Each structure stands twice: as C-alpha cells, then as structure tokens.
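The values are calculated or read from the model by the stated rules, or taken from the named source; none is laboratory data. All figures in this text were calculated on a predicted structure; none of them were measured in a lab. FYI the Cβ positions are ideal-geometry reconstructions off the backbone, even for glycines, and counts take in every protein chain you see.
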Amino acid sequence: MQILINGILLGAIYALLGVGMSMMFGIVKLTNLAHGEFIIMGAFGSTILSSALGINPILTLVVTVPVMFLLGMVLQSVLINRVMLRGAEPALLVTFGLSIILKDAMLLLFTADAQKIGVSYATASLNLGGISISVLNLVVFAISLITILVLTLFLRKTYMGRAIRATSDDTVAASLMGVSVKKTYGVAMGIAMATAAIAGLCVGMRWTFYPSSGGEYLLIAFGVVVIGGMGSIPGTLVAGLVFGLAQVIGGANYGMFISYIVLLVMLAVRPQGLFSK
Amino acid sequence: MSEPILKVEGVQAKYGDFVAVEEATLDVPQGIIVSVIGANGAGKSTLMDTIAGVHKPTAGTITFKGEDITGMPAEKVVLRGLSLVPQGSRCFIRMTVEDNLVMGSYPKAARAKVKDSLERVYELFPVLKEKRNDLSGSLSGGQRQMVAIGRALMTNPELVLFDEISLGLAPTIIKDIYARIKQISGEGMTVVLVEQDTKRAIKTGEISHVMLKGKVVLSGRSAELGEEEIKKAYFGL
C-alpha cells in the first residue's frame, strides 16, 4: 500500500513532466528536445523569485507561467514555425541546439551548484493508518493533477482548445474553419512551456536540481509520452502513473531500470501507446 | 443580371512543375446552384482549393463579393463568407460530431449564433443529433459528409463550394444529401457543386461549367446545353 501511494504520488509529477511534450508531439508533430531545459528554467525562475521576494514558491507561478507561455509563443512563431517548413528533422535539430544553449546559459548564470526550492513543510508527513505520506509530495501531486485537469478542460471546452485539437487532426480542414495554424502552434508551444514552468516548480520542490538536470527529465517525459500515446492527455496521466509505480517498485537501485524495461515492453507490444487511436 | 458573387479570371494553379489548372475563368451568380463538371484530373478540386485559399494560384484573379481574394489564406477567406466542403469530407476524426460542428463557429462572427446554427444543422441532418457525442471517425462515409457539410454551414457562409460530396456514397444517401443542398440553396445560399457525375450535376445546377485538362471549356445555362455538346466538352472530342 505504501508503495502504491508513493508510486501514484511520483507518477502524477511524471505525467506533468510529459504533458507539455506530449502536446507538442501530438499537435505540432514536433519532438521538442529542449523540454527538459524548459522545466529547469521554470525551476530556476521559481527559486529566484521565491527567495528574492520571500514568498511561498507556489505563488511564483503567477509570474513564471505567463512569462514561459509568452516565451513559448515567441519561440514558436519566430523560430520553429519557420524551420518546420523545411521538415521535421531541421526542427528537431533546432530544439537540440536550443537545449544546449539553454543549458550552458543557465550554467553561466547560476553556476553548477545544486539548487532546491525550500518549503517549510519539506519534511512533514501525514500518518494515515500506518501509511506515511509526505506533505510535500502530496502538494506536488495536487499541483500536477490540477494542471492536467485544467489543461484537459481547456482543450475540451474552449474554442482555442478545440482549434488545437482540430489542427492536430487535419491542418487543412482547420484552416477552412478560420483557424490560423501557425498561431495555434504558437499557443500550443506557449502552453507546453507553461506546463514546464509548473513542472519546474514541482521538480525544484521535490528534488535537488542543477542547470544540467534537463536531460534527466527529458528522458522521463519521453518515456511518459511514448507509453501514453503521443498527444493524449489522459494517456499521459496513466503513463506517468505506470512509470512512477514501476520506479517505486524497483526501489532506489532498480527503479529507473524497471521503468525503462516497462518502456521497452510497451514499445514492443503497443508502439502506438496506450491511448493512441 | 447583377454582379456575380464570385468571379474567377484566368486562374492558374500548379503542384511544383505540374500544371493542375491552366486557365480557369468562370462566374458564379448569387443565389443559385452552379455545377462544375469534368473528368478525373480536369483540375476541378485544385480550382476549388485555390478559390478557398488552401492552394495558392500562380496567375489570375479571384474576386468574391467585389473584393480581390487572390492568394488569401483559407483562414481569412472563410471569414468573408466563402466556405469549402473539401473532397473526402476531412472531418476531425478524433473529435465528436458536435465538436466538429462547433469548430465551424470558430470565426468570431459565427460564435454568437452557435446555438441557432447548431439547431439548423441538426434539423437538416437529424442523424447527426442522434450521434452528436460519437467520434466522427466512427461514422459512415455519408454521415461524415453530413458532418463536413454541417461544419461548413456553421461558419455562416454566403457561398459554399461542395467538392465531390457524392464520391463513394450509396445512391440513396447521395439523393438525400442533394435534397438538403437544394434546401440550403432555397434559403438563399449560393452553391457551387463539383461533380464527376455529369447527369446529376446538370440536373441540379442552374448553370454548368465543364472543365477539361485544367481549363473551363464550356459554360452555360444547364437547360440550354445539349447533351452532345457537353459530352464533347467533357471528353475533349
């Protein structure tokens, strides 16, 4: 039971790590290799703001989410949309270059020191019938679930959300409905970066991170996206939970190993992902 | 006769080096059904795509309601009241029927009327109301075509281009869809019908244009065009 709870708590943040990447895969058909760096950028943003202003780290989202959203829109409109005209491979290379540039820029700005976002309840835990639950992990779990829920509702219920889904199904038909495909891609990247900002906060609160940690989280995001089926948000959530559970079951020594075995098995058995149609 | 709602003059469209439409000139008068017929590969679909802004012309001009819309992207053309039902319906297959239709109300001007428009489409195609929560990918070909037509109507168009909507459908369904198109036209909408089925097109359209190898080779009132004349134009005899 303890393992199950820990796995679920871990799984939700894994889903959050993957959700922005999954959107870019599914909608823009872009493999964004800089997603890990985006997450670390979010983590640094929240670290700096919370220590400079002395506020609750969660409140920093008020700044980091809109800033990252705008950065994403600009990045997509100015750079990636243009490269994508030349095909998927150049766009992939651009995100790879972007990831290196961002990593080195953060190294330059913040040094290679370990960072962590401190919260007063970092070591507190609840005890429910013999199961101990870390308050911090519970908070991170709640933030992750709320983000995914809000994103799902946005995609289902708003005109922009529907336009994003329509564009992922058929770009020509979407343009016939008055949708500007390039603008939609910009918004999708904006949202992906906004979720990275939130994921960054969660990563920073739960774990120690470095400017070079992006790759680690990119790998997890990749795993989640592949298991869940590209572009499916419910799939991402389930995949995150599967990945998280596998890791907790494997323990400290074999956790990641078992997670990636699950990934390999998934690729062999159901390469289109759990929720792909 | 009043100024035509759509004027296509000397339009040329290519795919790379391949000239799909060499020189197309035709008028569409307001409020009637106009048929465009021609054999496979005559350039009908490319011409429709070019008018709707999906494809960029390499020469010529397209005028809609007196405004030059040549080369204007599709997402802007639709805002002016010109909607295309593309070949093969192109529904958003991972979205429900109702979400597909509501997508048609994406243009800001159409959003205010979304409820009324939806009701009108459901009246036109009651089966879509039954299936409104189903994924459009699970529908039959005819039902998908209805979704595509409904979606186009939701954009509040004054002119709708129907590109080979009968392709691959059962005769009874084609008959039903054609009856709906006449109904839509009766409410004052201008309709352009692209067809390979010459007989049905000429019967339905008040004016017919025949395309051959990328050119409009014959135009006239359908009632006045002789069968022999059309056959010659169609096959280039």
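Going residue by residue through segment A:170-178, is there one that turns out to be within 14 Å of chain B (Cβ to nearest Cβ), at pLDDT 95 or above and in contact with a Leu (Cβ under 7 Å, 6 or more places away or on another chain)? So far as segment A:170-178 goes, yes, one or more of its residues are within 14 Å of chain B (Cβ to nearest Cβ), at pLDDT 95 or above and in contact with a Leu (Cβ under 7 Å, 6 or more places away or on another chain).
Within the option set A:G200, A:G204, being touching a strand residue (DSSP E or B) at 6+ places or on another chain (Cβ under 8 Å), more than 30 Å from B:P73 (Cβ to Cβ) and surrounded by 24 or more Cβ atoms within 10 Å (Cβ to Cβ) holds for one residue only, A:G204. The residues of segment B:150-168 that are surrounded by 20 or more Cβ atoms within 10 Å (Cβ to Cβ), farther than 21 Å from B:E98 by Cα and not acidic (D, E), listed by number, are B:L159, B:L161, B:S166. The listed residues are B:G53, B:G38, B:G104, and the only one of them that is within 17 Å of the chain's Cα centre (by Cα) and outside the structural domain of B:K182 (by TED's automatic domain parsing) turns out to be B:G104.
Rundown of residues vs (1) basic (K, R); (2) in contact with a helix residue (DSSP H, G or I) (Cβ under 9 Å, 6 or more places away or on another chain); (3) more than 24 Å from A:L145 (Cα to Cα); (4) modelled with pLDDT under 95, yes/no style:
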position: A:G7; (1), (2), (3), (4): no, yes, no, yes
position: A:I27; (1), (2), (3), (4): no, yes, no, yes
position: A:G36; (1), (2), (3), (4): no, yes, no, no
position: A:V74; (1), (2), (3), (4): no, yes, yes, no
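Do we have B:T70 as touching a residue at least 12 places away in the same chain (Cβ under 8 Å) and outside any loop (DSSP other than H, G, I, E, B) here? Judged against the criteria, B:T70 is not a match.
Within segment B:93-121, being under 14 Å from B:M146 (Cβ atoms) and at the interface with chain A (Cβ under 9 Å from one of its Cβ atoms) holds for B:N100, B:G104.
Just for segment A:146-160: of the residues that are of a type outside the set (A, V, I, L, M) and closer than 15 Å to A:T195 by Cα, which one is farthest from the other protein chains (Cβ to nearest Cβ)? By that ranking, first place goes to A:T147. Somewhere in segment A:130-145, is a residue touching a Lys or Arg at 6+ places or on another chain (Cβ under 6 Å) and more than 14 Å from chain B (Cβ to nearest Cβ)? The answer is yes; a qualifying residue exists.
Take segment A:97-113 and flag every residue that is part of a helix (DSSP H, G or I) and among the hydroxyl-bearing types (S, T, Y). The one that is part of a helix (DSSP H, G or I) and among the hydroxyl-bearing types (S, T, Y): A:S99.
Residue selection: A:T64 satisfies the criterion of being modelled with pLDDT of 95 or more and polar (S, T, N, Q). Pairs linking a residue in segment A:252-277 that is more than 14 Å from every other protein chain (Cβ to nearest Cβ) to a residue that is hydroxyl-bearing (S, T, Y) and not in a helix (DSSP H, G or I), with Cβ atoms under 9 Å and 6 or more positions apart or on different chains, are A:R270/A:S276; A:L274/A:S232. Considering segment B:122-137, the residues that are more than 10 Å from chain A (Cβ to nearest Cβ) and over 24 Å from B:Q183 (Cβ atoms) include one that is surrounded by the most Cβ atoms within 10 Å (Cβ to Cβ), namely B:D134.
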